[in-house]
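Let me begin by presenting the structure, written as structure tokens, before commenting on it.
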Amino acid sequence: MASTFTRMLSSRNTAALVATLGAGTLASGYLLSESGISAADKKKLYPPSADYPDLRKHNNCMASALTPAIYSHLRDKETPNNWTLDQCIQTGVDNPGHPFIKTVGMVAGDEESYEVFADIFNPVIKDRHNGYDPKIMKHPTDLDSSKITSGVFDDKYVLSSRVRTGRSIRGLMLPPACTRAERREVERVAVQALAGLKGDLSGRYYSLTDMTEKEQQQLIDDHFLFDKPISPLLTCAGMARDWPDARGIWHNNEKTFLIWINEEDHTRVISMEKGGNMKRVFDRFCRGLKEVERLIHERGWEFMWNEHLGYILTCPSNLGTGLRAGVHVRLPLLSKDPRFSKILDNLRLQKRGTGGVDTAAVGDVFDISNLDRLGMSEVELVQIVIDGVHYLIDCEKKLEKGQDIKVPAPIAQFRK
Amino acid sequence: MPFGNTHNQLKMKYSAEAEYPDLTKHNNHMAKALTPAMYQRLRSKQTPSGFTLDDVIQTGVDNPGHPFIMTVGCVAGDEETYEVFKELLDPVIEDRHGGYKPTDKHKTDLNPANLKGGDDLDPKYVLSSRVRTGRSIRGFCLPPHCSRGERRAIEKLSVEALSALTGDLKGKYYALKNMTEAEQQQLIDDHFLFDKPVSPLLLASGMARDWPDARGIWHNDNKTFLVWVNEEDHLRVISMQKGGNMKEVFTRFCTGLTKIEELFKTKGHEFMWNEHLGYILTCPSNLGTGLRGGVHVKLPNLSKHSKFEEVLKRLRLQKRGTGGVDTAAVGGVFDISNADRLGFSEVELVQVVVDGVRLLVEMEKRLEKKQSIDDLIPAQK
């Protein structure tokens, strides 16, 4: 063995190499290094302090909460699916954030992430959701849309109404972590359930890989088509892997109920229509969600949910209801009033441009929606939006008549 | 990249067929070589550091490629990747490197005395000369897979080694995260600064994680020898200068590399190398010498000639724009470099560039005088 050995050595290899190689490690024609360091050895070689990320220039919820002590305590833990802390925080390490906008900076790879890494997720959740403490507080779920009052707006102001949320299928890993087979399974489960919807909810699935040019154009014209994420916040989390495999869009024939499959979450569910009938939008939303849930139950599946965090989604910002209910509303006078931001704040509403998050308003039309997601139920949040938008329209009308407006008292946040 | 794949064994509960990527619209070397049967055989394996088949191919799955440009579509996460996944990487290497077989041996020759000529390329045409390669430090994971701790250790080792260089190689290290505005601007003006990769080919493999942590640029005071730390490889080593004295550039290249290697050895480290694949780098396209030797050369007439592409092909040269890979030529100035990396030594490849560029310049001069170049068209090398 030794002579074969030395014959294979070239002048480039040092004596040290020879000493460390055992006969058993020789592969035909190759010289293997003495390293081939195992993952377990690596952990010993590099203590958590060697791996702790440099977050000094960072401004996101993860960076604010992740101390070296917490990192040290959690680095070597794994969820039952072998998902790690480093994988949760990678997007926050890669994207330091914006001085004005505080992003979340971490994602879950599976339902258990929120449990195994609770020591970092909990403070992040608290930071993002105004002090909500998952350890002691309970999240109310209420999809009984009959409780909604005054849910119809003046069409002269409200151009469209929309409610969206997300749902994850228990037992399958979330978009940052899922394998191709799991993602295809999510697609299969969801599409099978949606095929069972009837009446005004009956519709069709368009898979991103299979759609025709014509179908694609139609979906673009309807503003339904979602694209491969380009935001580094999402791509660094790994949710765009294998695009466009197992991604698609389902919508009903009336184009008022839409589901995205395997984009940022397993499913995103959207109910929408032109005009100001938020009540009808929310009715359909609740009805559709409950029906889909029933249909997946029939096949032995369920949504990820627990009583502290509500519905479990990829991004901690979407926990609880995962619900964003909003309108496109014309507020030409109110939007120029210096009190506009304060009024929105007190009503617990946020404004976005009409292209959605990170876009600018066009022609005085604003996207107004609820700020909160966790700690209040769906019914409560939609009612907040309804009451708030009525107030805004009222202000707009007053300003039209030259009357003064009042900043409303801040409404109560989630029940303790 | 170590994402979504650490639970490799858990994936076994799904059939290979359920996990097999959809490569029907793909055009890259990985997609050409990978079959469902191969995927089935390899998917349960991993290197000692935990790099899996899915990690290897992720970038190729995410980037279907271009109808005309054949990308590689796979990366290594450590030295052992090339062994554990040789069933996939051998055909990829063979396809990419002109038929290089699993049993072939690669020659390494960093003796600049073996280069004939190369100090006489006409500077009226050859504006600058450059030789680059990469080196990986044995025992560490490669950029797609390394942890922050490893990457920092690589930086520390490299900076220590480079700081011991003397004479005309003496220089300074600029860490990306610590550089001042003034330093940054200077590096940009010198065309030395590298940016966070934006190419999805690189991003999808995970090599941009934790940017700019442990990344930096070292260069000598003369600005003729430059080392990139932790960009696409552990180290990228570049020797360059204005004008056509490729001999001088190559001499400095070899001297510098040899010195750096010695310095690493004094610290008990060596470069990843074996006699089949030569120097081991992240991308299979850079195996062997990892060497790209080239010039910026003015060829306004020749580049319009119908035989230009054919001539380059026969000379085993490739053209790029002056911004590097995937850029266009500006003002008739082309980046001309060797097409091969593996199966030829460093000296051989630089010889190819020197001899080839000399011929191209001769052709350009003929065309300037409106003379024919037919007698100069070479046979296929």
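Derivation of every value follows stated rules applied to the coordinates shown; laboratory data play no part. What you see is a predicted model; the values in this text were computed from it and never measured. Here the Cβ is made from the backbone with ideal geometry for all residues, glycine too, and neighbour counts use every protein chain on show.
Annotations for the structure displayed:
- Pairwise FRET efficiency - residue A:354 versus residue A:298, Cβ, R0 = 25 Å, nearest 0.05: 0.05
- Average beta carbon contacts from partner chains per residue of B:42-51, 10 Å cutoff: 3
- Least to most buried among A:404, A:222 (fewest other Cβ within 10 Å first): A:404, A:222
- Scanning chain B for cysteines with no neighbouring cysteine C-beta under 4.7 angstrom from their C-beta gives B:74, B:254, B:283.
- Qualifying chymotrypsin sites (Phe, Trp or Tyr not before Pro) in the range B:41-111, DSSP loop, other Cβ atoms within 10 Å at most 16: B:68
- Cβ-based charge dipole, the range B:112-369, positive-most Cα from B:347, B:217, B:164: B:347
- Computed magnitude of the charge dipole of the protein assembly as shown (debye, nearest 20; Cβ of K, R +1, Cβ of D, E -1): 680 debye
- A DSSP coil position with no more than 14 other Cβ atoms inside 10 Å describes the following GluC sites (Glu not before Pro) in the range A:202-311: A:254, A:302, A:307.
- Pairs of alpha carbons in the range B:5-97 separated by more than 16 Å make up 52% of all such pairs.
- Dividing the radius of gyration of the alpha carbons in the protein assembly as shown by their Kirkwood radius gives 1.03 for Rg/Rh.
- Computed [θ] at 222 nm, helices only, for the protein assembly as shown once each DSSP H run of length n ≥ 4 contributes -39500 (n - 2.57): -9500 deg cm²/dmol
- The charge dipole of the range B:96-210, taken about its Cα centre with unit charges on the Cβ atoms of Lys, Arg (+1), Asp and Glu (-1) only, comes to about 660 debye.
- Whole-Å semi-axes of chain B's equivalent ellipsoid (Cα gyration tensor): 35, 27, 19
- Spin-label model, residue A:77 to residue B:120: label points 7 Å out along the Cα-to-beta-carbon direction sit 7.2 nm apart.
- Here the Debye sum runs over all C-alpha atoms of the range A:73-131 as equal scatterers in vacuum, and log10 of I(q)/I(0) at q = 0.16, 0.21 Å⁻¹ comes out as -0.50, -0.82.
- Maximal additional length on extending the residue B:191-residue B:109 stretch stands at 26.6 nm, based on 0.36 nm per residue less the C-alpha distance.
- Assigned charges on the beta-carbon of Lys, Arg, Asp, Glu; the range A:98-216 dipole about Cα centre (debye): 160 debye
- For chain A, the equivalent ellipsoid derived from the Cα gyration tensor has semi-axes of 48, 26, 20 Å, listed largest first.
- All lysines inside 30 Å of residue A:398 as judged from Cα atoms, apart from same-chain residues fewer than 8 positions distant: A:147, A:156, A:274, A:279, A:336, A:342, A:351, A:406
- Considering only B:26, B:82, B:93, and ranking their Cα positions along the charge dipole of the range B:5-97 that arises from unit charges at the beta-carbon of Lys, Arg, Asp and Glu, the one farthest toward the positive end is B:26.
- Using a Gaussian network model of chain B in which every pair of alpha carbons under 10 angstrom is joined by a spring, one finds that among B:180, B:166, B:24 the greatest mean-square fluctuation is at B:24.
- Degrees between helix B:346-368 axis and first principal axis of chain B (Cα, 0 to 90, nearest 10): 40 degrees
- 10 Å Cβ neighbours from other chains, averaged over peptide B:99-109: 1
- On Cα atoms only, tilt of A:278-298 relative to the major axis of chain A in degrees: 40 degrees
- Those trypsin sites (Lys or Arg not before Pro) in the range A:182-265 that DSSP places in a loop and that have at most 12 other beta carbons within 10 Å: A:198
- Helix B:148-163 vs. chain B, principal-axis angle (Cα, 0 to 90°, nearest 10): 30 degrees
- Across peptide B:207-220, the mean count of Cβ atoms from other chains lying within 10 Å of each residue's own Cβ comes to 2.
- Rg to Rh, two decimals, where the range A:89-167 supplies the alpha carbon set and Rh follows Kirkwood: 1.09
- In summary, the aspartates and glutamates within cross-link reach of residue B:196, defined as a Cα separation below 12 angstrom excluding same-chain residues under 8 places away, comprise A:94, B:210, B:213, B:231, B:232.
- Here residue A:135 is the anchor, and the aspartates and glutamates within straight C-alpha reach of less than 12 Å, apart from those fewer than 8 places off in the same chain, are A:115, A:119, A:307.
- Sites residue B:265 and residue B:15 - FRET efficiency at Förster radius 45 Å, r taken between beta-carbons, to 0.05: 0.40
- Cα→Cβ-extended label distance, 7 Å offset, between residue A:231 and residue A:339, nm: 3.3 nm
- Where labels lie 7 Å past Cα in the beta-carbon direction, separation of residue B:22 and residue A:401 in nm: 5.8 nm
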